[in-house]
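These notes are about the structure you will find just below.
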Amino acid sequence: MASKVDALGWENWERMWFFVGQECIFYNGKQGTVRDRKKIGDMFTAIPQQFQSGIDAFGFENWERLWFFKGDEYCFYNAKAQEVRESRKIKDQFTRLPDEFKKGVDALGWENWERMWFVKGDRVVFYNAKENEIRSENLLKQQFTKIPPAFQTGLDAFGFENWERLWMFKGEQYCFYNAKAQEIREVREIKAQFPGVLEPQPHMA
């Protein structure tokens, strides 16, 4: 079994994007079933080679506007037309991010173009990409005051559904969090809530 989720994209509860190694798993969270599972390069046929395995973060805006992050680069992608809209250094697009975040991020939570969550180490930056400015910068444990110690640094993936429903992934566990009430909704094994996501597949052997 894979040890972690590399990145998560939230479209809606029935349409979630998990990235694990070379794979993209399109998932129905409501039913707990895999909708589609392919290599990243087969799912997104024009994506540059460096984004076809081990991506750091992913953001879903709509089918024509997807964001892939790896190292100090990002790829802005149109999945409807299967074409790269832009491939640049993080520092060239998100110019006000702290320097450490420009070198790479651990996770991304997408709310909308003016409200993005960048996570790196034990810090989270709430960012307005439209105005290219930081809305706030904080330690994870200060922004989300009740998250368990294990999730206070080094997140693998982050998913934003709404302010009462945030998903934080680390290792083989996730924390489902209510940021409005500052309380944990649940902490569980990924395989218990999202069966099929971390299980090995024959074509990846």
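Quick notes on this structure:
- Per residue convex hull volume, Cα atoms of the range 1-89, in Å³: 84
- Dipole magnitude (debye, nearest 20) for the chain, charges at Cβ of Lys, Arg, Asp, Glu: 120
- Centroid-to-centroid separation of the range 52-88 and the range 114-187 [C-alpha atoms, Å]: 21
- Sequence-ordered 3J(HN,Hα) estimates for the range 2-12 from the Karplus curve with 6.51, -1.76 and 1.60 and θ = phi - 60° stand at 4, 8, 7, 8, 6, 7, 9, x, 9, 9, 7 Hz, glycine and proline given as x.
- Amide H contacts under 5 Å for residue 73, placed H, 5+ residues apart: 90
- Extending 7 Å from the Cα toward the beta-carbon at both residue 4 and residue 89 defines two label points whose distance is 2.6 nm.
- Radius of gyration and Dmax over the Cα atoms of the chain, both given in Å: 15.8, 45
- Residue among 40, 153, 113 farthest towards the positive dipole end of the chain, charges placed on Cβ: 153
- In terms of the mean number of neighbouring beta-carbon atoms within 10 Å, the peptides 120-133, 14-27 order highest first as 14-27, 120-133.
- Once C-alpha pairs closer than 8 Å and six or more residues apart are averaged by separation and normalised to the residue number of the chain, the relative contact order reads 17 percent.
- Accessible area of the chain belonging to carbon and sulfur atoms, whole % at 1.4 Å probe: 42
- Accessible solvent surface per residue of the range 2-112, calculated while the other protein chains remain in place, 1.4 angstrom probe, Å²: 42
The values are calculated or read from the model by the stated rules, or taken from the named source; none is laboratory data. Remember, predicted model here, so these are calculated numbers, not experimental data. Cβ sites come from the backbone with ideal geometry, for glycine too, and all protein chains shown count toward neighbours. Note: areas computed on protein heavy atoms with side chains; ligands, DNA, RNA excluded. Shrake-Rupley method; radii C 1.70, N 1.55, O 1.52, S 1.80 Å.
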